[in-house]
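Notes for the one structure printed next.
Values in this text are rule-based calculations from the coordinates and carry no lab data. Only a predicted model underlies this, so the values are computations on that prediction, with no experimental measurement involved. Neighbour counts are summed over all protein chains in view; Cβ atoms, including those assigned to glycine, are modelled from backbone coordinates with ideal geometry.
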Amino acid sequence: MKSLKISLVQAVTRWHDAAANREYYGALVRSLQGQSDLIVLPETFTSGFTNETLHQAETMQGESFAWFKSLAQEVGSVITGSMVIREGERCVNRLVWMRPDGAFELYDKRHLFRMAKEHERYAGGDKRLIVELNGWRICPQVCYDLRFPVWLRNRYDKAALRFDYDLLIFVANWPTPRREPWRTLLRARAIENLSYVVGVNRVGVDGNNLHYSGDSAALDFVGAPLVELGAQEQTVTVTLAADALAAHRERFPAWMDADDFDLKV
């Protein structure tokens with residue numbers, strides 16, 4: 001592992017306007033060209049967090065996915081964020097991990113936010129995604145997943161001599177009234193998993209009149225902020241130090257006392 005440069009794109013997603021969002025986010029991402037290994041966008045960045053899946057969902061053969069692939073190739077960085085995707089009769093809140101060479105990985109949001117009836121309109125995923133970038137193992141997740149520590153547990157594989165992941169990422173549309181749980185849980189996930197954590201939220205007001213205060217952040221392995229964003233449109237790039245993470249895990253090997261368990265989904 002070497003140090004990893006990661007850019008957080010906290011922005012005002014246009015409501016139900018994929019073309020406008022492609023133009024808007026495309027400009028923000030292009031401004032980061034040459035600065036980052038990884039660029040992180042919010043949850044459902046092409047539409048906003050919507051339950052109108054019939055009209056807002058695109059397919060994997062649609063214009064937004066093709067644009068996302070082209071954008072990663074253009075800027076030469078991995079880009080990630082989630083979109084509303086339709087597959088046959090089911091819709092998913094799908095995170096796309098797009099590499100500059102056009103290869104990609106997918107993660108369908110596991111935990112669906114029932115308080116907004118997401119579970120009635122979307123299908124949930126059942127596989128946790130681990131990707132690799134510059135020697136880092138990274139676990140990307142979506143919004144409400146943040147509340148479920150068992151699903152997110154970072155285990156140590158004694159045979160492979162490695163942790164499940166070194167960086168945990170959350171893309172989100174997390175409204176202002178719940179900003180304290182967002183801020184608190186990001187820190188908790190970093191501390192308990194001996195891992196860096198990055199959370200990227202949106203700002204502004206959506207079509208459901210929900211306000212978003214941002215609070216995107218990059219945190220180190222003890223929950224200390226490397227960067228914290230406010231409530232305005234902002235892009236920021238931060239460097240995660242691999243040697244500092246390795247030193248902490250050796251100095252404070254709490255993983256050695258963790259409980260073994262099997263996760264059934």
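For the chain, the 222 nm mean residue ellipticity estimated from helices alone, with every DSSP H stretch of n ≥ 4 adding -39500 (n - 2.57) and the total spread over all residues, rounds to -6500 deg cm²/dmol. Counting only pairs 8 or more residues apart or on different chains, how many lysine pairs in the chain have their Cα atoms under 30 Å apart? Lysine pairs meeting the criterion: 19.
Neighbour counting of Cβ atoms within 10 Å sorts the residues Y24, Y144, fewest neighbours leading, into Y24, Y144.
Sorting F148, F104, F261 from the fewest to the most surrounding beta carbons within 10 angstrom yields F261, F148, F104.
Cα-based radius of gyration for the stretch 147-195, normalised by 2.2 N^0.38 Å, reads 1.33.
Taking Cβ atoms as reference points and 15 Å as the exclusive limit, the residues near L106 contribute a net charge of +2, counting Lys and Arg as +1 and Asp and Glu as -1. Taking all Cα pairs closer than 8 Å and separated by 6 or more residues, the relative contact order of the stretch 107-251 comes to 16 percent. Within the shell defined by Cβ-Cβ distances under 15 Å, the residues around D157 carry a net charge of +2, with Lys and Arg each +1 and Asp and Glu each -1. Let a ≥ b ≥ c be the square roots of the eigenvalues of the Cα gyration tensor of the stretch 43-156; is it rounded (a/c under 1.5), or, if not, prolate (a/b larger than b/c) or oblate? Here the stretch 43-156 falls in the oblate category. Residues I191, I6, arranged from fewest to most other Cβ atoms within 10 angstrom of their Cβ, appear as I191, I6.
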